[in-house]
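The structure appears right after this line, and notes come after that.
The values are calculated or read from the model by the stated rules, or taken from the named source; none is laboratory data. What you see is a predicted model; the values in this text were computed from it and never measured. FYI the Cβ positions are ideal-geometry reconstructions off the backbone, even for glycines, and counts take in every protein chain you see.
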Amino acid sequence: MKKHLLRGLIFGLVFVESGYALQYNYGRSALKFNVSGQAGVIEPDFHDTLFLGDFELRAQYNYAVARGQTFGLVYEWDEEALSEHDWAHDAFALYEVQDLGRVEIGLTHSVTHKLSVGIPDVGGLRVNHNPLFYKRISPDGNVIPNTHANSGHDAPRVNLVSVPTNVGQYGVSVAAFGEDYDYAVDGGVKFRFPNGKIKSALSLGASFMNNLDGFSPASYLDEVTADWRAQGSVGFNIQYNSWIFGTSAVAIYDKNPVGAPSDGISVGSGVSYDILNYSLSLSYLYSKTGIWHRDLPQYYDHTVIGSFRYKYSENMELWTSVGLTTKTPFLSTALKVAF
């Protein structure tokens, strides 16, 4: 075990992706570039060392139209988009009014996804989105890789979201004219309680997608074809000093699905603790598919991940995770640079 951990740390230090940040301001205009990357290794069954990489490139242009009003353009490309052979993860225009909210038009995730509350995890496996380890550890059947409602980011979309207030933040979105479904309607709300010694947040979301034809919520999953898909999600986290606890869940139902089932439930829970530059976390994910259809096979997956992170600076951190899926233990470690 020590030998594998040492080898993982060495690879994590060698395969480092560079990062930089650049911001340019001129009058009412502002242009900002962000780059982040991580690289290291993952070892399924503690052998056969495999490369593990991730990156994100983001550019945003803002123009102050008037006091409290901003027009913006956003473009983002990352490892997830690359895996799905997409030219962008985000590419949208926005208009924001300080006291009301913002509208987004273009290719991006729905407000249900953006207002969701995730599971605490200090590793770099993107547990709250599409986990990287599923690309290296292939399960026997489809899994629901996260606990957020997901209607993709490939179809033109309009997002309307309010500004966060003491009561909460809410939004709706509509997507259409995509290749994978006719249209999608999403709604979400997040309640924040940031005051006092104990801080907490609660999110609720719902999504409806009509006439799915080859929709894939992740590059490593089977494409979904069904009459329609309905989703509901809930998330809650609570922070006390250096402790953070969170739990979230999503339920997905497909009407008359074709092929391997991809709907069902996904539930996750986790806890993390910070002390100085060190962080620890323990998270658990459970997925079960096919539960709504008696004529289709069911598949379940349990995943437990323990992670350790050392934050060298504001822009650089080293993390190591040890995990266990239903059948495969794994070790993963990498160095992450973000600006």
Please give the number of the condition N130 fails out of (1) more than 19 Å from S233 (Cβ to Cβ); (2) in contact with a Ser or Thr (Cβ under 9 Å, 6 or more places away or on another chain).
-> (1)
Within region 137-159, is there a residue that is modelled with pLDDT of 95 or more and either under 30 Å from R309 (Cα atoms) or of a type in the set (A, V, I, L, M, F, W, C) (or both)?
-> yes
Residue check for V117: assigned to a loop (DSSP other than H, G, I, E, B), at negative phi and surrounded by 24 or more Cβ atoms within 10 Å (Cβ to Cβ) | yes
Over region 98-107, the set of residues of a type in the set (V, I, T) and surrounded by 24 or more Cβ atoms within 10 Å (Cβ to Cβ) is none
Residue by residue through region 220-235, note down the ones that are over 16 Å from the mean Cα position of the chain (by Cα) and either of a type in the set (A, V, I, L, M, F, W, C) or assigned to a strand (DSSP E or B) (or both).
-> V224, T225, A226, D227, W228, R229, A230, Q231, G232
Would you pick out the residues in region 78-96 that are assigned to a loop (DSSP other than H, G, I, E, B) and either modelled with pLDDT of 95 or more or among the acidic types (D, E) (or both)?
-> E84, D86
Which of (1) buried (at least 19 other Cβ atoms within 10 Å of the Cβ); (2) within 30 Å of I137 (Cα to Cα) does E223 not meet, given it meets every other one?
-> (1)
Would a scan of region 97-109 turn up a residue that is modelled with pLDDT of 90 or more and under 14 Å from the mean Cα position of the chain (by Cα)?
-> yes
Within region 164-212, which residues are of a type in the set (S, T, Y), under 26 Å from W228 (Cα atoms) and not in a strand (DSSP E or B)?
-> Y181
Scope region 29-49; condition surrounded by fewer than 16 Cβ atoms within 10 Å (Cβ to Cβ) and in a strand (DSSP E or B); matching residues = S29, L31, K32, F33
Test for N128: is it modelled with pLDDT under 90 and over 23 Å from Q38 (Cβ atoms) = no
If only one of S216, S242, S207 is touching a helix residue (DSSP H, G or I) at 6+ places or on another chain (Cβ under 6 Å) and not aromatic (F, W, Y), which one is it?
-> S207
Pairs returned, first residue in region 181-204 that is farther than 22 Å from G152 by Cα, second residue that is among the basic types (K, R) and at pLDDT below 95, beta-carbon separation under 7 angstrom, 6 or more apart or interchain, are F193/K199; A201/R192
Between residues in region 317-339 that are in contact (Cβ under 8 Å) with a residue 40 or more places away in the chain and residues that are of a type in the set (D, E) and in a strand (DSSP E or B), which pairs lie under 6 Å by C-beta distance while being six or more apart or on different chains?
-> T326/D301; L331/E43; K336/E317
Among the numbered criteria (1) at pLDDT 95 or above; (2) farther than 15 Å from V117 by Cβ, which single criterion is violated by D180?
-> (1)
Restricting to region 279-304, what's the tally of residues that are more than 16 Å from G118 (Cα to Cα), among the aromatic types (F, W, Y) and part of a strand (DSSP E or B)?
-> 2
If we keep only residues of region 163-182 that are crowded, with 17+ Cβ neighbours inside 10 Å and among the hydroxyl-bearing types (S, T, Y), then the residue nearest to Q69 (Cα to Cα) is Y170
